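Single-structure report; data block below.
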Amino acid sequence: MPSVQDLLDEASGCVALGELAAAAVLYRQATELDPANFDAWHSLGMALMRDGQLQAALGPALMATDLRPNDLLAWTALSQLHVRMGQIAEAETAKANARILSLGGKIARE
């Protein structure tokens, strides 16, 4: 059985080749092996978003912000996803959180 890191590495190779659906399958397997793995959730959301599966990308993107509420990249990606979905109010909220983090603030205590 492959490790989470093996799955992430293989999925990254798929992304590099433009095989986003295959990457998403591997990222999802990684989340099943380690449900607390931020990289797996964030990467799954990004792969699905890039593949045009916006609704499917929302859950993983939200999970990434839950796992790391002070991660600038996670909030930026969530904002981009909401923009692509036409959810402007939600995009602005996520953007505001990213802005707080970019200025050195915190969304949640660590």
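Derivation of every value follows stated rules applied to the coordinates shown; laboratory data play no part. The structure presented is a predicted model; accordingly, all values stated were derived computationally and were not measured. Methodologically, a virtual Cβ is constructed for each residue, glycine included, from the backbone with ideal geometry; neighbour enumeration extends over all protein chains shown.
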Exercise. Just one of the numbered conditions (1) in a helix (DSSP H, G or I); (2) in contact with a Leu (Cβ under 7 Å, 6 or more places away or on another chain); (3) surrounded by fewer than 17 Cβ atoms within 10 Å (Cβ to Cβ) is not true of Gln55; which one?
Worked result: (2)
Exercise. Which one is nearest to Glu10 (Cα to Cα), of the residues in the range 30-49 that are over 11 Å from the mean Cα position of the chain (by Cα) and part of a helix (DSSP H, G or I)?
Worked result: Ala30
Problem set entry | Near pairs, Cβ below 8 angstrom, 6+ apart or cross-chain, from the range 73-90 (over 15 Å from Gln53 (Cα atoms)) to any residue that is buried (at least 16 other Cβ atoms within 10 Å of the Cβ) and among the β-branched types (Val, Ile, Thr) | Ala74/Thr65; Trp75/Thr65; Trp75/Ile107
Seminar exercise, completed: Exception for Ala96 within (1) within 20 Å of Ala24 (Cα to Cα); (2) of a type in the set (Gly, Ala, Ser); (3) free of Cβ contacts under 8 Å to residues at least 12 places away in the same chain falls at (1)
Problem set entry | Residue selected from the range 69-110 under the condition assigned to a loop (DSSP other than H, G, I, E, B) and basic (Lys, Arg), by the criterion surrounded by the most Cβ atoms within 10 Å (Cβ to Cβ) | Lys106
